[in-house]
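Structure record follows, encoded as structure tokens.
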Amino acid sequence: AHSFQHVLELNMARAYTENFFCKQVQSLKNEERLNDVAVLFGSSDQKQMVSGFLLCILSPVWRAKLCGEIGEDPRQNLKLEEEDRMEFLQLLALGCGEMVRIVGGLEALVKLGMMADRYQVETVQDAVEKAVLSQLTVESCASIVSMSRESGLERLKCASRALALSEFDTFALSADFLELGEDLLGSLLDDDALRSESEERVFEIVVRWMRRGGAAGAVRGAGLLRKIRFPFMAAAYLENDAKELDLPGLDALSTEALALKRMDCLLWW
């Protein structure tokens, strides 16, 4: 897997930390007498006492939970998942303008961003996305496009996907490309924005992924072959090179593509 910096320092923008509002929020966090809400983490005995007013300021979701909807009583505790404890404390610190150290590299950073998105703490979500985007390269793209796909971090998702599509041939050589999920790779192959040296090159990349980088043996994701535009390949390649790869269903696809080429028809589905 691609190696990222394991410990990252994350700071909010100076315009945020020096704002009068942020300084007042920080004073709330440090005033223990105002900590009137118990934040509970799963079924564990761990809890964190926090100012309910502070939680309501930072997150509209927490505000709705604590203040209650019309006809409901206000709550004196906030229940989160047990594994969310670290991200909650980091989210709280960042929302108050403090610097935090993220242990676990980009994966931990994206997880924090997902929590910020879930609870609509937009300032922290924005800071997280900027931090991850600053490390987005062709080499790191496979990891980032995978992590961001279901994260809710739309800016990160769009940027990493756009890079994967525009630099597909180089992207496919990165360390984590073979770890992409079949659905994700399939969605890239379906995208008209994909750019490659040739359709033959795309085909060879997919074959390498199907074989997990090996030369032969069991394959995965055979259904991805249908997503490759075989009629755009050279006839000689279809008749010789492609068929030599001995993949399930490949002979039928090559024969179908050759028939279409002879009819000057490039329609493929």
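The values are calculated or read from the model by the stated rules, or taken from the named source; none is laboratory data. Since the structure is predicted, the reported quantities are computational estimates derived from the model, not experimental observations. All Cβ positions, even for glycine, are placed from backbone atoms using ideal geometry, and neighbour counts span all protein chains on display.
Counting only residues that are within 30 Å of residue 145 (Cβ to Cβ) and modelled with pLDDT of 95 or more, give me the helices (runs of 4 or more DSSP H) lying completely in segment 36-124 with at least 3 of them.
Fully inside segment 36-124 and qualifying: 85-95, 105-118.
Identify the single condition in (1) out of contact with any Lys or Arg (no Cβ under 7 Å at 6 or more places or on another chain); (2) part of a helix (DSSP H, G or I); (3) surrounded by fewer than 13 Cβ atoms within 10 Å (Cβ to Cβ) that residue 192 does not satisfy, given that it satisfies every other one.
Only one criterion in (1) out of contact with any Lys or Arg (no Cβ under 7 Å at 6 or more places or on another chain); (2) part of a helix (DSSP H, G or I); (3) surrounded by fewer than 13 Cβ atoms within 10 Å (Cβ to Cβ) is unmet by residue 192, namely (2).
Tell me the residue from 132, 145, 138 that is over 25 Å from residue 41 (Cβ atoms), among the β-branched types (Val, Ile, Thr), in a loop (DSSP other than H, G, I, E, B) and touching a helix residue (DSSP H, G or I) at 6+ places or on another chain (Cβ under 6 Å), please.
138
Within the set of pairs 6+ apart or on separate chains, which have a first residue in segment 168-193 that is within 16 Å of residue 204 (Cα to Cα), a second that is of a type in the set (A, V, I, L, M, F, W, C) and in a loop (DSSP other than H, G, I, E, B), and C-beta atoms under 8 Å apart?
168/194; 170/138; 171/138; 174/138; 188/194; 189/228
Among the residues of segment 82-111, what is the count of those that are aliphatic (A, V, I, L, M) and under 14 Å from residue 12 (Cα atoms)?
Adding up the residues that qualify gives 8.
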